[in-house]
Amino acid sequence: MVDVGLRSRGRWAAAIGTALLSAAPAAQAEVNFLDHRGKLITLEAPPQRIVSMFASGPLVHYAIDGHSDRIVGVNKKAQAMYEGSFYAQLIPEFLKLNMNVAGEGFAPNVEAILELKPDVVLQWVFDPKLIEPLEGVGLKVIGWDCCTNQHRREYLQLAGYTTGRVDRAQTILQKQDASNEALRKVFADLKTEQTVGILVVDEIKDSFRVIANSSQDYSLSGARNLAADDTGEWWRTVDAEQLLVWNPAIIVIPAYASELKPADFYGNAVLANLDAVKNKRVYKFPHFNRSPDAAEIYLSDEWLARVANPAHFSSAGKFHDTLKESYKLIYQKDITDEQIRFILELEQNKDSAGYVDLFG
Amino acid sequence: MTHATIAVLSGTRLRTWAIVALLSVVLVVFATYSITLGRYDIAVVDVWRIVWDNVVPAEAPTWTPVQADVVEVIRLPRILAALLIGAGLAISGAALQGLFRNPLVDPINIGVTAGAGFGGTLAILMVGGGYPVLAAAFACGIGSLLVVRGLASVKGRTSTLTLVLAGVIVTAFFESAISIVKLLADPHQKLPAITYWLMGSIAATNYSDLVLIAVAIVPPSIVIFLLRYQINILSLGEDKARALGSPIEIVQWTIFAAVSFISAGVVATSGIIGWVGLVIPHVARTLVGPDHGRLLPVSALLGAIYLLLVDDIARTATVAELPIGIITSLIGVPVFAIILRRTQSRSGWTHD
Amino acid sequence: MIDVADLSVTLSDKPILENYSLSVGQGDVLAILGANGVGKTTLLNCIVGLARPSSGSATSRGRIGYVPQLFHSTFAFSVLDIVLMGRARHVGLFGSPRRLDYEIAQKYLDQMKVGHLRDRPFNELSGGQRQLVMIAQALSSECEILILDEPCSALDYKNQSIVIDTLRALNDSMGLTIVFSTHAPQHGLEVASHVLLMKDRRRYDHGCVDDVLTAGNLSSLYDVAIAKAAFADGGKFTFAPYFER
């Protein structure tokens, strides 16, 4: 799936935004833009206190701002995500955030939020009941929609308008586009049948859950998802025989499936006949894959490309350098080799074919 | 002598043996067919050759090792599990119906299944896993039976209405208790383990699961069968049974223990499956009558065939696998309603 | 065979019997008479062992076969199945009836003249036939004492006659000790050796039929005028009520 320019809402927002902001960043002029509901948001000044009802809000804003001073609260599920991922090391101050703004999911705990005195609240738009209680008490809500790549690009833009740092949004988006363009060039001549067949498995219980249709474009990595169909369903639960019928060359595990490891596949008697298991080509996505909404998600495409088609990258630069460069650009932080090993899940992936050679 | 010979050779006896033989044949044929079902492409003949290869090794296999694994590792344990569980649940239902003198009783509507589920859940919360989970499931299964019996017996008489209501109450209680345990459980470790345990299905049965199922079902079923004459007597009523000299407390406790054992084993390996113990004994009774010496074996065979059929549907009907407990409910609950209507219309609400 | 000593029974805080004492000897036939609700079934339950005395005791020597007042089977057992269950004391806990048990069951079914109903569903039989089957079941347990709770109350005269004749034959041929309750005093005349008139929870009359089963006692027992009447061909008597206010 390839982004072809901005959708009309984004274009509208871009039009108003650029018209009202001066060229210099961090201008104090009043800001008007449309959120993902199409509602006009007016900010007299960049907000000093932001509550996010979901984990990726603070991540995107940190990438735009370079600091987390504006963020005062996030929901409880975010804690699990930050704690179990590289964000705990990258942005340790996130762990100290007030996590009471919602209960289990995204339903707002209005009193807790009011106590934090936010200037704006970030909330999903897919259920009106998530936003009504907030606007009902006079809070200003910026609505984010989900879950296409276009939406993710627009998170950066919305955060840019909110904080006045549109330049940062542009910089990051350009970096994403450049990376994707480079990958397209690498696999320009690859026909579909020649791409590597993969499955994305996020749960092994009595049945197996695979991702059927997601927002990731596997052709950027020279691969194709064998479970993709035209139902539009994100997940499919299948049995062992179906896995054998597909018989992928590679199995990848999303980063959010924190309990699942390649070793779980290698030790499973029922899966022993899969090519991916026999050849030890089961890999866990690194930590930059943890939040599909985060700014560095594009690194997943290059990582998968190197894992699935190592031959195409034999003369390319080291992935370590790409990582250092990306984290410097996005989070304005230097990461150590030790941290890179952590990000790349070297411990979990070390028994999988070629991983240490590729990323050790 | 002549009278006794006539009794032994009477129509009912012959008919029973004929039915048992027929059902056995159906079971073998059906199992043989079921093992050929599945998404992985294997020629039907090869499937049988693979199974036979375990009895008499073949010289030149016409199949690939992958195909052999699909048959032996993926399909076969599951089929055997379905047979055992179907038989065990059917026998449990028949025994409970005799005990409570009520043809509407089933381990799931009498609260045993929910009790076993709660026991296992609590054990996972407190201990983590392993045999204590089974033991706790067993203990709570028995506990729920005792509570139901206590609630439903008024002056020694048990009416359909109070029995069904007692089962509803006990089930509701244990399901709430399970919810509380889930709330207390650590959401990262214990809660997923609990949810997984409760939701279990036959789907990925392996051979160690199968051993556990066999141990949980076969010995108790044999014990129940040995008590077939006593169950007949108990079904006349506690007073009558006591007057006839039957040691009714021992019989009741033994059957409670056996049924709880079977239920605990089934819940622990394969999740909540119910209504088999209602539907199957009902059908079996119309075939061979209520004498438990005939009813129990026929129920076992019918139950095995039934659950294998249900499992075949569960894994082939749609793309995603249907939980087996849902199918047995979809069939069992309407059957329950029909039987209830029929027994009530015949004899009124105070039918005893 | 049966000793009731100072028996008192309270059920749900209501006193049913107070200080009943009597005994039944081997080979006796005891008829129990009394108004509805006076406690006949409770007394029999204590003797059988189904009810517990609050004080005193009811003991018996010898196996008891019990025929309850009304019996309906939940499941559609055949007559033979029902009678086979009478063999409970002879079949072990994990056992099942053998050829001998079948033979004995058949023998008593034939003795009760219902052998031809062997394979019919018990619940489809008439009231009288069911009583006879239940007696056959009790006999199959090879008891020395037979206790029947109102065996004739739901029967027409013909069936009553069959049952009473059967009891007499059992007593004569097998020396069975029999205790039964009834609303018909003439049953006592026909077959009993002793009679127990239960007036209320404290007062009762117990003794030989000749002594106790009199028109006067019966009249005061039932609070209805009862006369002893003779049959035209002489020698046999019966009791008849006279309903007049």
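If I filter region C:140-158 for residues that are closer than 26 Å to residue C:112 by Cα and free of Cβ contacts under 8 Å to residues at least 24 places away in the same chain, do I get at least one hit? The answer is yes, given that some residue of region C:140-158 is closer than 26 Å to residue C:112 by Cα and free of Cβ contacts under 8 Å to residues at least 24 places away in the same chain. Here residue C:40 meets each of (1) among the charged types (D, E, K, R); (2) closer than 30 Å to residue C:21 by Cα; (3) free of Cβ contacts under 8 Å to residues at least 60 places away in the same chain with one exception, condition (3).
Run down B:86, B:93 and say which single residue is modelled with pLDDT of 90 or more and touching a Phe, Trp or Tyr at 6+ places or on another chain (Cβ under 6 Å). Of B:86, B:93, the one residue that is modelled with pLDDT of 90 or more and touching a Phe, Trp or Tyr at 6+ places or on another chain (Cβ under 6 Å) is B:86. Here B:12, B:62 are screened, and the one residue that is at pLDDT below 95, farther than 30 Å from residue B:271 by Cα and either open to solvent by less than 30 Å² (accessible area, probe 1.4 Å) or within 14 Å of chain C (Cβ to nearest Cβ) (or both) is B:12.
Residues that are closer than 18 Å to residue B:240 by Cα and open to solvent by 10 Å² or more (accessible area, probe 1.4 Å) were ranked within region C:89-122; the one that is nearest to the other protein chains (Cβ to nearest Cβ) is C:89.
Scanning region C:123-138 for residues that are in contact (Cβ under 8 Å) with a residue 12 or more places away in the chain, away from chain B (no Cβ under 12 Å) and part of a helix (DSSP H, G or I) yields a total of 9.
Hey, can you tell me all the residues within region C:61-82 that are more than 11 Å from chain B (Cβ to nearest Cβ) and surrounded by 20 or more Cβ atoms within 10 Å (Cβ to Cβ)? Across region C:61-82, the qualifying residue is only C:79.
Among what's in region C:139-156 and is open to solvent by 20 Å² or more (accessible area, probe 1.4 Å) and within 14 Å of chain B (Cβ to nearest Cβ), pick the residue that is farthest from the chain's Cα centre (by Cα). By that ranking, first place goes to C:142. The residue of region C:60-90 that is farthest from residue C:42 (Cα to Cα), among those that are modelled with pLDDT of 90 or more and of a type in the set (Val, Ile, Thr), is C:79. If the condition is being farther than 21 Å from residue B:228 by Cβ and open to solvent by less than 20 Å² (accessible area, probe 1.4 Å), then region B:86-126 contributes B:111, B:113, B:114, B:115, B:116, B:117, B:119, B:120, B:121, B:123, B:124. Residues of region A:248-278 that are without any contact (Cβ under 8 Å) to a residue 40 or more places away in the chain, assigned to a loop (DSSP other than H, G, I, E, B) and farther than 14 Å from residue B:69 by Cα: A:259, A:267.
Based on this model, can you work out whether residue C:34 counts as modelled with pLDDT of 90 or more, more than 18 Å from residue C:66 (Cα to Cα) and under 19 Å from the mean Cα position of the chain (by Cα)? For residue C:34, the condition - modelled with pLDDT of 90 or more, more than 18 Å from residue C:66 (Cα to Cα) and under 19 Å from the mean Cα position of the chain (by Cα) - is met. Filter region A:319-346 for residues that are touching a residue at least 60 places away in the same chain (Cβ under 8 Å) and open to solvent by less than 10 Å² (accessible area, probe 1.4 Å) and give the result. Listed by number, the residues that qualify are A:326, A:327, A:330, A:331, A:343.
Can you find, within region B:222-245, the residue that is farthest from residue C:83 (Cα to Cα) among those that are facing chain C (nearest Cβ under 7 Å) and not in a helix (DSSP H, G or I)? Checked region B:222-245; the qualifying residue farthest from residue C:83 (Cα to Cα) is B:227. In summary, strands (runs of 3 or more DSSP E) completely within region A:126-234 and bearing 1 or more residues that are within 26 Å of residue A:306 (Cβ to Cβ) occur at A:196-204, A:208-211, A:223-225.
When restricted to residues that are open to solvent by less than 10 Å² (accessible area, probe 1.4 Å) and either touching a Phe, Trp or Tyr at 6+ places or on another chain (Cβ under 8 Å) or within 14 Å of chain B (Cβ to nearest Cβ) (or both), region A:266-290 contains 8.
Using the structure shown, decide if residue A:240 is within 22 Å of residue B:67 (Cα to Cα) and either open to solvent by less than 50 Å² (accessible area, probe 1.4 Å) or not hydroxyl-bearing (Ser, Thr, Tyr) (or both).
Taking the combined requirement at face value, the residue satisfies it.
Per the conditions (1) out of contact with any Phe, Trp or Tyr (no Cβ under 7 Å at 6 or more places or on another chain); (2) in a strand (DSSP E or B); (3) open to solvent by 50 Å² or more (accessible area, probe 1.4 Å); (4) without any contact (Cβ under 8 Å) to a residue 24 or more places away in the chain, the sole criterion not satisfied by residue C:207 is (3).
The set of residues in region B:246-287 being within 11 Å of another protein chain (Cβ to nearest Cβ) and either part of a helix (DSSP H, G or I) or open to solvent by less than 30 Å² (accessible area, probe 1.4 Å) (or both) consists of B:246, B:248, B:250, B:251, B:254, B:269, B:270, B:271, B:281, B:285, B:286.
Which of the numbered conditions does residue B:56 fail, given that it passes all the others? Conditions: (1) within 12 Å of another protein chain (Cβ to nearest Cβ); (2) surrounded by fewer than 22 Cβ atoms within 10 Å (Cβ to Cβ). For residue B:56, the failing item is (1). Scanning region B:202-219 for residues that are within 13 Å of chain A (Cβ to nearest Cβ), open to solvent by 30 Å² or more (accessible area, probe 1.4 Å) and touching a helix residue (DSSP H, G or I) at 6+ places or on another chain (Cβ under 7 Å) yields a total of 4.
The values are calculated or read from the model by the stated rules, or taken from the named source; none is laboratory data. Quick caveat: nothing in here was measured; it's all calculated off a predicted structure. Every residue, glycine among them, receives a Cβ derived from its backbone with ideal geometry; neighbour counts consider all protein chains shown. Areas reflect the complete protein model, heavy atoms only, side chains present, ligands, DNA and RNA absent. Shrake-Rupley method; radii C 1.70, N 1.55, O 1.52, S 1.80 Å.
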